[in-house]
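Structure first, commentary second.
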Number of protein chains: 2
Amino acid sequence: MLLSDVETPALICDLDRLTANLGRVAGFARNADLELRPHTKTHKTPEIAKLQLEHGASGITVAKIGEAEVMADAGIDDIFIAHHIVGADKVERLAKLAERAKVAVGVDSSEAAAALSMGSAQHGLRLRVLIEVDTGLRRCGVRPEDAPDLARAVSSLPGLALGGVFTYPGHVYDARNENEVAGIAAYECRIMGELGGKIAPLVEGPLRVSGGSTPTAPSYHPECGLTEIRPGTYVFNDRTQIDMWAARPAECALTVLSTVVSAPESGRVILDAGGKSLAADVARRSSGHGMLKEDGAAVIVKLNEEHGFLDLSQSELRLRLADKVEVIPNHACAVANLFDEMTVVKDGEVVDTWQIAARGKVQ
Amino acid sequence: MLLSDVETPALICDLDRLTANLGRVAGFARNADLELRPHTKTHKTPEIAKLQLEHGASGITVAKIGEAEVMADAGIDDIFIAHHIVGADKVERLAKLAERAKVAVGVDSSEAAAALSMGSAQHGLRLRVLIEVDTGLRRCGVRPEDAPDLARAVSSLPGLALGGVFTYPGHVYDARNENEVAGIAAYECRIMGELGGKIAPLVEGPLRVSGGSTPTAPSYHPECGLTEIRPGTYVFNDRTQIDMWAARPAECALTVLSTVVSAPESGRVILDAGGKSLAADVARRSSGHGMLKEDGAAVIVKLNEEHGFLDLSQSELRLRLADKVEVIPNHACAVANLFDEMTVVKDGEVVDTWQIAARGKVQ
């Protein structure tokens, strides 16, 4: 089947672009002597996680136990849950998962660590734990100066093995230029590298000092202080990554194929993709709800749930009823989370369909 | 099981509030002598669609053929697809659906009508068609002055039966006060009522003049010009409806139950519900990403995909690790579309779980 024959709206993954993205960021990690542990929340698709492992990833990252369970079901057995597992029901699920896969999890308080310890010890496990450090995002994580104390507390608890420290420099998305991106990565490396040195004597097995994101991925270098990075969006890229100087439009592998379902007047058409296909996320600097692959000057000025309002007044594009277009989303992770499957395309032909098996696994 | 024992994040539907909402808006329709054909895109859940029918709805509205198929599978047989069916694959699916349920569909161009006519006639059907009229939203729809010509064209085509006209006054969400809401409803009624009179001789069966939305639902009255309304969000309400003077917080039936997973410093905690549970939609006038049921002064200032940043600096609420809160979403329809199921609660006890069976049916 040709791409142009696919029923819309449909989530489209360009296989060549995906493969190139996998290779490029694996190269960044290799050149910087870092392990690559990509965040699979972007795609939630076991087939893509396996491609990441084939391209040299040492394991994967997930956000939720439910995502980890799906990936473990698919045979992936080295999983870092970069989130905080709170509540007896979740600790129980985590312990069960740890019995069948190599799992590590984040922690940022002695209270949460104590609950994890109890659940893990009850199952006779030694659960690997990484301490989350806040390097500027002000989300979760301890202050750098408090990390050594928490490391000592964790390492003294039964059922837990301290694996290292991790951070997410998500405030990079507020950076105003590439210098600020590099500066945020440099600060992250210095703080985390120093902490890694301090806690190393408490760590069981190889020390992990984990950081990174897609925008900062090109900024690392050998002996930068980290031992691994966890970029996510790089597999697809999106309009936000274009705005972050992290991707060119030709490196965007994920689009939403959409049909013109109404052409009420010249220069204005309505697409069958709205907020339930494109998500309401705004881009960092660009306006509009995604970017047409066919012409960046065409602007999706507004979304209703199942309608995209496409303004062609600044575009050369002439669209008629039933024409199809491909929209590069503002935020690929949010869009992949709306669809049950993605259509895989190579050279304009459909070559596969992948289930987004971990979609909706919010718990 | 108690609500407080439900694993998070979870979509919660308060059954008493839902039932009260169903009754209230059914009362608006009854008092205004209007048929009620609620838009089920809000909940995508057959159980709720059936409750709407039990509360006097004459049929249901959907946005996509995929939603209609799910509702027909559940035994609902009077369905209006308030969207434009464009493309041979979709016309074929529509024809197949029309063989097993009473289906009507929108049209806003003679080109789309011709394609529908051909597909319908090939199946030996007479498909009921309503002409969409633009009463100010500037989305789909013909200008009011062009509707009679399109009505004549439709009524002359084989395989089609003209059923009436419909509009969606979605620009009501730009209204700045309740007077403007009432004014938009009054204009809608006048324009549509006049058109209904003009096209009535061409209509087969009872004339349908269809309009409405949740914010305008209280504004209609007997002989206002419409014959039916299609509100959607009223089943749940949300923060946008509060902002639109259409609901009070105590009338919001849908929440996201969420756990505090990190409490990095006084006055600031992190929830396990982010954009993948609460959606990125912004409210009309209120700031923040949803409203805490426990305290409106607590503000979710930012969302990442799986994290909500909760600022308690203006709130009396003292939250600790593992505490749970309920968040009234900014946009209920977008949030219900993120979950696979909703937990139904009555008086703080879980009484049922409903599958959101039409979630993800974007085609």
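Relative to the longest principal axis of the Cα atoms of chain A, helix A:88-98 runs at roughly 90 degrees.
To the nearest whole number, what is the average tally of beta carbon atoms from other chains within 10 Å of the beta carbons of peptide B:59-65?
Details: counts 0, 0, 0, 1, 7, 5, 1.
Mean partner-chain Cβ count within 10 Å for B:59-65: 2.
Taking a straight Cα-Cα cut-off under 24 Å and skipping sequence neighbours fewer than 8 places away in the same chain, the lysines within cross-link reach of A:LYS96 are A:LYS41, A:LYS44, A:LYS50, A:LYS64, A:LYS361, B:LYS324. Placing one equal scatterer on every Cα of the protein assembly as shown and applying the Debye formula, the log10 ratio I(q)/I(0) at q = 0.06, 0.07 Å⁻¹ is -0.36, -0.49. Distances between placed amide hydrogens fall under 5 Å for A:GLY290 paired with A:ASN330, all partners being 5 or more residues away or on another chain. For region B:46-55, putting each phi into the Karplus relation 6.51 cos²θ - 1.76 cosθ + 1.60 with θ = phi - 60° gives couplings of x, 4, 6, 4, 5, 4, 5, 5, 5, 8 Hz, in residue order, rounded to whole numbers and with x for Gly and Pro.
Shape call for region A:32-233 from the C-alpha gyration tensor, a ≥ b ≥ c root eigenvalues: rounded (a/c under 1.5), prolate (a/b greater than b/c) or oblate? In terms of gyration-tensor shape, oblate.
When the alpha carbon coordinates of region A:1-107 are projected onto the principal axes, the ranges are 49, 39, 21 Å, largest first. With its label point defined 7 Å out from Cα along the Cα-to-Cβ axis, B:ARG248 lies at 6.0 nm from the matching points of the other copies, in increasing order.
When a/c reaches 1.5 or more, the comparison of a/b and b/c decides; with that in mind, is region B:68-145 rounded, prolate or oblate per its Cα gyration tensor? Don't skip to the answer; put the middle values down first.
Values: a/c = 2.31, a/b = 1.45, b/c = 1.60.
Verdict is oblate for region B:68-145.
Residue-level result for chain A: its Cβ closest to the axis carrying A onto B, with that distance in Å, is A:ALA280, 2.
For B:GLU265, the distances from its label point to the matching points in the remaining copies are 5.2 nm, ordered from shortest, with each point set 7 Å beyond Cα toward Cβ.
Shown in residue order for region A:136-143 are the 3J(HN,Hα) couplings computed by the Karplus curve 6.51 cos²θ - 1.76 cosθ + 1.60 at θ = phi - 60°: x, 6, 6, 10, 8, x, 7, 5 Hz (x for Gly and Pro). Sorted shortest first, the separations between the A:THR353 label point and its copies elsewhere in the assembly read 2.7 nm; each point sits 7 Å from Cα along the Cα-to-Cβ line.
Each peptide among A:96-102, A:9-15 gets the average number of other Cβ atoms lying within 10 Å of its residues, and from highest to lowest they stand as A:9-15, A:96-102. Sequence-ordered 3J(HN,Hα) estimates for region B:146-152 from the Karplus curve with 6.51, -1.76 and 1.60 and θ = phi - 60° stand at 8, 5, x, 4, 5, 4, 4 Hz, glycine and proline given as x.
Compared with the dominant Cα axis of chain A, that is its longest principal axis, helix A:110-122 is turned about 80°. Taking a ≥ b ≥ c as the square roots of the eigenvalues of the Cα gyration tensor, chain A is prolate, since a/c reaches 1.5 or more and a/b is larger than b/c.
Need one value for B:80-89: mean number of C-beta atoms belonging to other chains within 10 Å of its residues' C-beta atoms. Write down the numbers at each step before the final one.
Values: counts 0, 0, 1, 6, 8, 2, 9, 9, 3, 4.
If you average over the peptide's residues, the count of other-chain Cβ atoms is 4.
What percent does the relative contact order of chain A come to when contacts are Cα pairs within less than 8 Å and at least six residues apart?
Reported as a whole number, the value is 21 percent.
Within 10 Å of each Cβ in A:35-42, how many Cβ atoms from other chains are there, averaged over the peptide?
Working: counts 0, 0, 0, 0, 1, 0, 3, 1.
Average neighbour count from other chains, rounded to a whole number: 1.
Based on DSSP H segments of at least four residues, each scored -39500 (n - 2.57), the protein assembly as shown has a per-residue ellipticity at 222 nm of -8500 deg cm²/dmol.
Relative contact order, percent, of region A:32-233 when contacts are C-alpha pairs under 8 Å separated by at least 6 residues?
Values: 413 pairs, mean separation 41.9, N = 202.
Computed value for region A:32-233: 21 percent relative contact order.
None of the figures in this text is laboratory data; all of them are computed from the coordinates on show. None of these values were measured; they are calculated from a predicted model. Positions of Cβ are generated from backbone atoms using ideal geometry, with glycine treated the same way; all protein chains shown enter the neighbour counts.
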